[in-house]
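K.L.:
Pasting a structure below so you can have a look.
Computed from the coordinates by the stated procedures, all read-outs in this text should not be read as laboratory data. Worth saying up front: this structure is predicted, and the values here are computed from it rather than measured. Every residue, glycine among them, receives a Cβ derived from its backbone with ideal geometry; neighbour counts consider all protein chains shown.
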Amino acid sequence: MHQRIRGNSPTFVPLLTAFAAAAMLAGCGGNGNNNNGASGTDQNSGGVQQTLSGVVTGAAIKNPGGVANSSASGVDYAKSSTGDAVDQTFVPITYANATVCADTNNNGVCDQGEVSTRTDSSGRFTLASSSAKLVAVIDTDATYNDPSAGTKNVASKLVLRSAAEQASAGGDVVISPLTTEVVRLTEAEQLSYDDARSAIAGRLSFTGGTADVTVKADDVVGALSSTGSGSTALLTEANALASRYTLASKILDRGYVSDVTTDPVTTVKAAQDAAFNPEGIPRYDHLFVVIFENHSNQTIDDPAYPNFYKYLHTEGNKAANYFSTGNPSEPNYISLASADDWGVADDNAWNCLPAGDTANQPSDVYVPVTACNADTKVHNIKGRRNMFSAMYNAGLGTRVYSESMNPGQDPRVDGVANASISGTNSVSGATETMPAGLYKTKHHPAVNFDDVRNRPDFFKNLTRSVGGGQWDTSIAAYATANKITWNTHQFEDDLQSGDIGALNYIVPDQCDDIHGVSTCKSTEISRGDAYAKYLVDKIEASPIWKNTNRRAAIVMLFDEGTSFYGSSSCCGWNVGGGTTSGAPLGEGITTAIPKYSGGNKGDGPTIFSLLTNQPKAPKQIVDSDSYSHFSFVRTMQDMFALADPAVATSYMNRSKYTEKFIADNLANLAEYSGSANTHFDSVRPMNHKYVMQAGDIESGGSTKGVSGSGSVGSGNNTATGPDATQTNIWAIKS
């Protein structure tokens, strides 16, 4: 175990500037007494007065089913009236009693003296001004027409804007999250109004596939609708953007971005930019997370495996000191989905599939199970935050794709041997029949979570297939012969149809993931290297990847290292099983989690490679800072705006265990009381902002250095100094 000495954590005093406070408390100059009566005087008296009318609008998630299934997390998941699983849908909404003003000084704030009004019950407004730039402040006294629950108050304030060019087109001026994004791009990216509209339209369009969608530039600043070409894409984007602009308002109100920054935020522009780059992590539209097995840099980072090597060194970027949760597999997959392993320290099944446990269980694929896992309180995880529920709640799609699943088998149980399915081993050339255990639930990142497994779309979206394996052709033939509806290449088809999630976990089978099973034991690394190329080639050939207006990235990581590092660990671990809390702090958990002290112990460094589709993104970046699965979950929460960097408890589970959080709560964290390096033992986003110092501990108490890991000295486990560059591996431009 590495040496541990308590270190100091940076302190922070919130900076709520008088400018920000006054600007937001002014309420944009509206008197609030007459919904459509303008107040204030036009500060730009030299201009030509014009009457501007329009609507303040957005989008909301609609429960399409009429039947709600209340999950353990308190979220109502949608079902159709027939009980079938349905995808989330979005509908346009309008904001009543929002304040709208003419932004004569172009600061994104409704200042005293700027003409303003309130929207009526339909979200409409009219005002006269010489300035055609408008701002809408939608505060908690505003309401909207919730599609499932009627009129509701706005939960958190957001500020929306429209460009002056919208008024010159005539007709209604729409103020929405999409029009606000147009304004933000003209400011942050120095784009023209037309180029900003076109960039958004291009990102939301899907062309070159099997289900093309075209969004026009005028659609971006037009009225939101539930019908017409591109309406789904526009509404989905409006919902996602609203979350960003809500975060931006919080940033501006308090005057700072995160709990460790000291730079004040005093403008709407700065706050809105920060909301799209929390903790230095830019927004991505699609993330593909490919999970391999049981190897570290020392075996994989080798020219003998040319595909992995080029993804790590020439075509992509690399996190050189990336640590797993522990050993064996299952806790790592759980941690990759929730930033905690919840005391799971083995590969046992989640449960025994009692009848009726899972909503909408498809009777045609159910396979009875005769044995139950007695340790269900540990492995059947209930009421715990996870990426699947967080993404769903935010209206963002999530998928899990698994290779070599038995056609027609219940995906909540392991794959079985099938002598009727055969294929040629690509390495040995031998013809082999399908062995048991190619598909394992221990490698499924969603199946342990009770609320996710009981979601009506679990079977539809979280148990999809991916091809490229030895048995594909025979699996398809077997399914056809046995009249089983099955698609061995759902992932490949989804890439062409655009039915891809924002977050997509891809799990190769136990031959192609380098774990090894049956006859592929001796060829697993070569097979994994070839399979990595198969996946990358498929993704990079897709319309999703080729549309560089969309930001897409591929992460290739390994669940755990090769375990010869002993007790080496980093980044929020329960080092040595020393926790006494029985649960992560800040989760509101009052009952101790069974066996919690036995989990989160950590393991040796492993692989993390990143490829992006952004043509100006830097490549061949090596980040030697210490990260973990928990760091990656924190990074994903920033990427998809699922948390607030200034509110530690908005991050799920152990991903909140930053250096400051540990310092603030040290009295309740026995496992950190003797920390040798508070930075090494804490969780941070993968943003390369920390500069390694010579002598810093990196890989803990192992007896070997980490080959190819940047600043780790050979055999001494200490950094030799900072990397040559602190460039963010997620950066979209150099």
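K.L.:
Which of the three applies to the range 93-238, rounded, prolate or oblate, going by the alpha-carbon gyration tensor with a ≥ b ≥ c and a/c under 1.5 meaning rounded?
P.N.:
Working: a/c = 2.09, a/b = 1.27, b/c = 1.65.
Judged from the Cα gyration tensor, the range 93-238 comes out oblate (a/c at least 1.5, b/c at or above a/b).
K.L.:
Please give the contour-minus-distance gain from residue 416 to residue 518: 0.36 nm per residue of separation, less the Cα-Cα distance, rounded to one decimal in nm.
P.N.:
On the way: separation 102, 0.36 × 102 = 36.72 nm, distance 1.24 nm.
Contour length minus Cα-Cα distance gives 35.5 nm.
K.L.:
Can you give the Rg to Rh ratio of the range 154-224, both from alpha-carbon atoms, with Rh computed by the Kirkwood formula? Kindly include the intermediate steps, with their values, before the conclusion.
P.N.:
Values: Rg = 13.2 Å, Rh = 13.0 Å.
When Rh is taken as the Kirkwood radius, the ratio is 1.02.
K.L.:
Please report, in Å, the Rg and the Dmax of the range 374-423, where both are computed over Cα atoms only.
P.N.:
Final numbers for Rg and Dmax: 15.8, 44 Å.
K.L.:
If you rank 175, 200 by fewest surrounding Cβ atoms within 10 Å, what's the result?
P.N.:
Fewest-to-most Cβ neighbours within 10 Å comes out as 200, 175.
K.L.:
Using a basic spin-label model with each label point 7 Å from the Cα along Cα→Cβ, how many nm lie between residue 620 and residue 121?
P.N.:
The two pseudo-label positions are separated by 6.6 nm.
K.L.:
Also: Expected output is a single nm value to one decimal: the length gained when fully extending between residue 526 and residue 647, i.e. 0.36 nm times separation in residues minus the C-alpha distance. What is it? Write down the numbers at each step before the final one.
P.N.:
Values: separation 121, 0.36 × 121 = 43.56 nm, distance 4.45 nm.
Contour length minus the Cα-Cα distance gives 39.1 nm.
K.L.:
Ordered by residue, what ³J(HN,Hα) values in Hz, to whole numbers, does the range 627-642 give under the Karplus form 6.51 cos²θ - 1.76 cosθ + 1.60, where θ = phi - 60° and Gly and Pro are x?
P.N.:
10, 8, 4, 5, 4, 5, 5, 4, 4, 5, 5, 5, 4, 9, 6, 9
K.L.:
R0 = 41 Å: FRET efficiency of residue 261 with residue 431, Cβ-based, nearest 0.05?
P.N.:
On the way: r = 60 Å, r/R0 = 1.47.
After rounding to 0.05, the efficiency reads 0.10.
K.L.:
Oh, and also: Calculate the FRET efficiency for residue 195 and residue 155 from the Cβ-Cβ distance with a Förster distance of 30 Å, rounded to the nearest 0.05.
P.N.:
Working: r = 34 Å, r/R0 = 1.12.
The value I calculate is 0.35.
K.L.:
Pull up all non-local amide H partners of residue 323: gap of 5 or more, or a different chain, and H-to-H distance under 5 Å with H placed in the peptide plane.
P.N.:
606, 627, 628, 629
K.L.:
Find, to one decimal place in angstroms, the Kirkwood hydrodynamic radius of the range 418-482, where the mean of 1/r is taken over every pair of different Cα atoms and then inverted.
P.N.:
Numbers: mean 1/r = 0.0722 Å⁻¹.
Hydrodynamic radius (Kirkwood, Cα pairs) of the range 418-482 is 13.9 Å.
K.L.:
In nm, what is the difference between 0.36 nm times the number of residues separating residue 140 and residue 48 and their Cα-Cα distance? Write down the numbers at each step before the final one.
P.N.:
Working: separation 92, 0.36 × 92 = 33.12 nm, distance 3.36 nm.
So the chain would gain 29.8 nm between residue 140 and residue 48.
K.L.:
Amide H neighbours of residue 161 under 5 Å, at least 5 residues apart or on other chains, H built in the peptide plane: list them.
P.N.:
136, 176, 180
K.L.:
Under 22 Å between alpha carbons, and skipping anything fewer than 8 positions from residue 660 in its own chain: which lysines qualify?
P.N.:
Qualifying lysines at Cα under 22 Å: 250, 601, 689.
K.L.:
Sort 422, 53 so that the residue with the fewest other Cβ atoms within 10 Å of its own Cβ comes first and the one with the most comes last. Walk me through the numbers on the way to the answer.
P.N.:
Numbers: 422 16, 53 13.
By the 10 Å Cβ count, ascending, the order reads 53, 422.
K.L.:
Is any residue of the range 383-403 close enough, with backbone N under 20 Å, to a label point placed 7 angstrom from the Cα of residue 589 along the Cα-Cβ axis, and if so, which?
P.N.:
383-391
K.L.:
Let me ask something additional. Given R₀ = 30 Å, FRET efficiency for residue 223-residue 460 by Cβ-Cβ distance, to 0.05? Write down the numbers at each step before the final one.
P.N.:
On the way: r = 31 Å, r/R0 = 1.04.
Taking R0 as 30 Å, the efficiency between residue 223 and residue 460 is 0.45.
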